[in-house]
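Worksheet: one structure, shown below.
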Amino acid sequence: MKETVDIQPQGSRQAEAFVKTFLRHSLPRLGAEQIQTHLNRKAVILEHLLKKRKKEKRRKTKCLSAKERRELRIFELKPEQQRYELFLPLHELWKQYIRDLCNGLKPDMQTQMIQTKLLKADFHGAIVTVVKSKCPSYVGVTGIILQEMKHIFKIITLENKLKVIPKQNSIFSVEVDGFVSYIYGSKFQLRSSERSAKKFKGKGSIDL
């Protein structure tokens, strides 16, 4: 058997009292007469106070300038980190990068195509040798390129010495899977990021 619940509807007076009480709470800014005027219109717009959200100022990320990077010595290696063997894995990654860039270095490949690829390649991790230079003390220096700037290469040598070699008036050789390339530093004075977007003329600055 289902139980029936005896719910009696509210009387008109009770309903009216409920509505007036509800409206007084919902429209605190209006008096009794104004509320009654709204009721006579048969349409009541209840107020809804919105909390104003405080606008949070977005902090713009500011990049460090070249001067600030030099002052902080971000790219300087500590003496205990200046070890040739630590960067051999970087060199292996660079060789794989060049192979992928050139779709595999095969003997029947056109040297002009390889030359074009190398002109725009990143040389961080490459082993280079100074073959010619106006400064005789640089000739014969071999090492892994740790940092390339617009005018210099920073390399770590087999003797665990960090060398700064100027590109100007220097020629470097690079060997990958039997292919020997020559970098003419005087025509190579660009950052690697700038070089990747630069359009070179038909006569390149690397001969194979």
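No lab work stands behind these numbers, since they all come straight from the coordinates. Just so it is clear, the model here is predicted, and its values are computed rather than measured.
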Here the range 143-156 yields Karplus 3J(HN,Hα) values (6.51, -1.76, 1.60; θ = phi - 60°; whole Hz; Gly and Pro given as x) of x, 8, 6, 9, 8, 10, 10, 4, 10, 9, 10, 9, 10, 9
Kirkwood Rh over alpha-carbon pairs of the range 69-192, then Stokes-Einstein at 10 °C and 1.306 mPa s: what D in µm² s⁻¹, rounded to an integer? 105
